[in-house]
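Below is one structure, written out as structure tokens, with a few remarks after it.
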């Protein structure tokens with residue numbers, strides 16, 4: 001699944017492999033987090049990735065199916081694992097929104113031509 005994810009993000013970004021590397025790494029981190037910490041990782045679960053090209057950044061959103069049974073929706077916390085701390089290093093901004101029915105965690109990575 002991860003090799004297909006990497007290929008899809010690279011192809012969808014319109015960037016060469018080196019320029020797409022931070023976005024690809026962010027996508028893998030978010031996808032892994034969705035599978036590990038939400039119902040999306042349970043049998044029959046699903047995760048949806050949406051990549052939007054914006055003038056100054058690439059916006060990636062990973063939509064999951066909400067918290068695991070017995071857990072409420074909660075804000076991802078930096079420091080509980082290396083994934084979100086690494087995400088903060090890779091991207092210009094990130095955030096989340098959602099409830100019991102599902103979460104969306106998003107990140108924005110600057111487009112190479114938008115860098116100072």
**Complete:** Picking from 29, 23, 5, 35, the residue that is in contact (Cβ under 8 Å) with a residue 12 or more places away in the chain, touching a strand residue (DSSP E or B) at 6+ places or on another chain (Cβ under 6 Å) and either exposed (fewer than 14 other Cβ atoms within 10 Å of the Cβ) or under 20 Å from residue 104 (Cβ atoms) (or both) would be 23
**Message:** Between 14, 45, which is at pLDDT 90 or above and on the phi > 0 side of the Ramachandran plot?
**Reply:** 14
**Message:** So, residue 60, is that one under 8 Å from the mean Cα position of the chain (by Cα), modelled with pLDDT of 95 or more, closer than 14 Å to residue 109 by Cβ and in a strand (DSSP E or B) or not?
**Reply:** yes
**Prompt:** From the list 84, 30, which residue is modelled with pLDDT under 90 and part of a helix (DSSP H, G or I)?
**Reply:** 84
**Request:** Scan the range 41-63 for residues that are in contact with a strand residue (DSSP E or B) (Cβ under 7 Å, 6 or more places away or on another chain) and over 21 Å from residue 112 (Cα atoms) and jot them down.
**Result:** 47, 48, 49, 62, 63
**Item:** Residues satisfying the stated conditions in the range 8-20, i.e. in a helix (DSSP H, G or I), over 16 Å from residue 61 (Cα atoms) and in contact (Cβ under 8 Å) with a residue 40 or more places away in the chain
**Value:** 19
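The values are calculated or read from the model by the stated rules, or taken from the named source; none is laboratory data. The structure displayed is predicted, hence computed values, not measured ones. Ideal geometry is used to build each Cβ from the backbone, glycine not excepted, and the neighbour counts take in all protein chains shown.
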